[in-house]
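Note sheet for the following structure.
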Amino acid sequence: MSVAEDQLQRAVDRLRAGGLVAFPTETVYGLGADASRDDAVRRVFDVKGRPGNNPLIVHVSDEEMARRVAGAWPAEASKLARAFWPGPLSIVVPRSARVSGLACAGGPTVALRCPRHPLARGLIAMFGAPIVGPSANRSGSISPTRAEHVRTAFSEEQVLTLDGGPCEGGIESTVVALDSRGVRVLRLGLISAEEISRVLGVEVEKGGPAAEGDGPLASPGLLARHYAPTTPATLLPRAKLLVRARALVRQGRTPILILLGERTTPGAVTIAMPAEAQAYAAALYGALHRADAVGQRGETGKHAQILIERPESAGPIWDAIRDRLTRATTAR
């Protein structure tokens, strides 16, 4: 993967003018804007249709830049940065006035992350300052893991998209909060609570607070419905899924199935998923985009349905995957 320097400069110019740039990370594509400017951050919320109480993650080039924009940088944050940055871990710490309050949903903290993707790092380094980077999609919809997912959601006038190829991680970063209540994982991701616990030598609580009311949320990714296709989707154990699929076929409908392993189901459109956790995570949003495209084209009849097999394997990445699938299939 290579992006010409003039394209990167064009992206930096767009950011300096208060505009929006989509960029690849190792997790998903982010929607970038100058994290210090209220007008630029407001544009992110407006373009995404994102609730104003749902904070954004601020992306930095390294720990030094993180320290400049944090109101405080505890020793635990340094340990985590040394262990996991650059990488898919966002660290919630007190914020400083150098970050737009809108990016923090008006709350007292900011989530900071140093991404690993070379294009993201090059963009931040050339810009020379932190940029916000929520997923580059409409709020609540499927996260983008390819540049074409972004271009389908937004026009070039709205968002300049840097194409860095497919994202290798496939699901959003782990979010960990460091405060007086201890160390808490607010959003599950590719880095587990157990890994964080080993680095810090303390017990780590799992699970963020429920998203309630209109106040600032503690972290992105806490809304009950999120990462969701437009086509109605249901998460089911394999046996129940196959029963439901056969019933839909008998009704003359063509269900869209997302199944673990290779399997053909007569009368259904089937998308096979890997059995290994990391590979499944990398493929997840692409599969949902493909399934939704089939449903929206009307190839499955008037009332399309996506049926997703619930993975039952144990492990922290599978836990994160189930979190995304549960939110993607929660009713509106």
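The values are calculated or read from the model by the stated rules, or taken from the named source; none is laboratory data. Bear in mind that the values here come from a model prediction, so they are computed numbers and not experimental data. Because the Cβ atoms are built from the backbone with ideal geometry, glycine has one as well, and the counts that use them run over all protein chains shown. The accessibility values were calculated without ligands, DNA or RNA, using every heavy atom of the protein model including side chains. Shrake-Rupley method; radii C 1.70, N 1.55, O 1.52, S 1.80 Å.
At-a-glance table
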{"item": "Residue in the range 170-177 that is closer than 20 Å to T230 by Cα, among the polar types (S, T, N, Q) and in contact (Cβ under 8 Å) with a residue 24 or more places away in the chain present", "result": "no"}
{"item": "Single condition I196 does not satisfy, out of (1) open to solvent by less than 20 Å² (accessible area, probe 1.4 Å); (2) closer than 20 Å to A331 by Cα; (3) aliphatic (A, V, I, L, M); (4) modelled with pLDDT of 95 or more", "result": "(2)"}
{"item": "Filter pass, R95 being buried (at least 20 other Cβ atoms within 10 Å of the Cβ) and more than 21 Å from the chain's Cα centre (by Cα)", "result": "yes"}
{"item": "Qualifying residues in the range 53-70 (those that are in a helix (DSSP H, G or I) and among the acidic types (D, E)) - the one nearest to L89 (Cα to Cα)", "result": "E63"}
{"item": "Lone qualifier among E276, E262, E203, E194 - being in contact (Cβ under 8 Å) with a residue 24 or more places away in the chain and among the acidic types (D, E)", "result": "E194"}
{"item": "Residues of the range 269-306 satisfying the condition of being in a loop (DSSP other than H, G, I, E, B), surrounded by 15 or more Cβ atoms within 10 Å (Cβ to Cβ) and aliphatic (A, V, I, L, M)", "result": "A304"}
{"item": "Count - residues of the range 11-43 that are surrounded by 15 or more Cβ atoms within 10 Å (Cβ to Cβ) and over 15 Å from the mean Cα position of the chain (by Cα)", "result": "17"}
{"item": "Residue list for the range 119-151, filter: farther than 23 Å from A17 by Cα and either without any contact (Cβ under 8 Å) to a residue 60 or more places away in the chain or acidic (D, E) (or both)", "result": "E148"}
{"item": "The range 44-72, residues that are small (G, A, S) and buried (at least 19 other Cβ atoms within 10 Å of the Cβ)", "result": "S61, A66, A70"}
{"item": "Unique match (being surrounded by 13 or more Cβ atoms within 10 Å (Cβ to Cβ), assigned to a loop (DSSP other than H, G, I, E, B) and not polar (S, T, N, Q)) among P216, P266", "result": "P216"}
{"item": "Matching strands (runs of 3 or more DSSP E) fully within the range 128-210 where at least 2 residues are more than 30 Å from Q9 (Cβ to Cβ) and β-branched (V, I, T)", "result": "174-179, 182-187"}
{"item": "Residue count for the range 77-86, restricted to those that are surrounded by fewer than 20 Cβ atoms within 10 Å (Cβ to Cβ) and either touching a Leu at 6+ places or on another chain (Cβ under 8 Å) or among the acidic types (D, E) (or both)", "result": "1"}
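Each row is one residue, and each column tells you yes or no for (1) at pLDDT 95 or above; (2) touching a Lys or Arg at 6+ places or on another chain (Cβ under 8 Å).
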residue	(1), (2)
G140	no, yes
R146	yes, no
H149	yes, no
E156	no, no
L160	yes, yes
I171	yes, yes
V176	yes, yes
S180	no, no
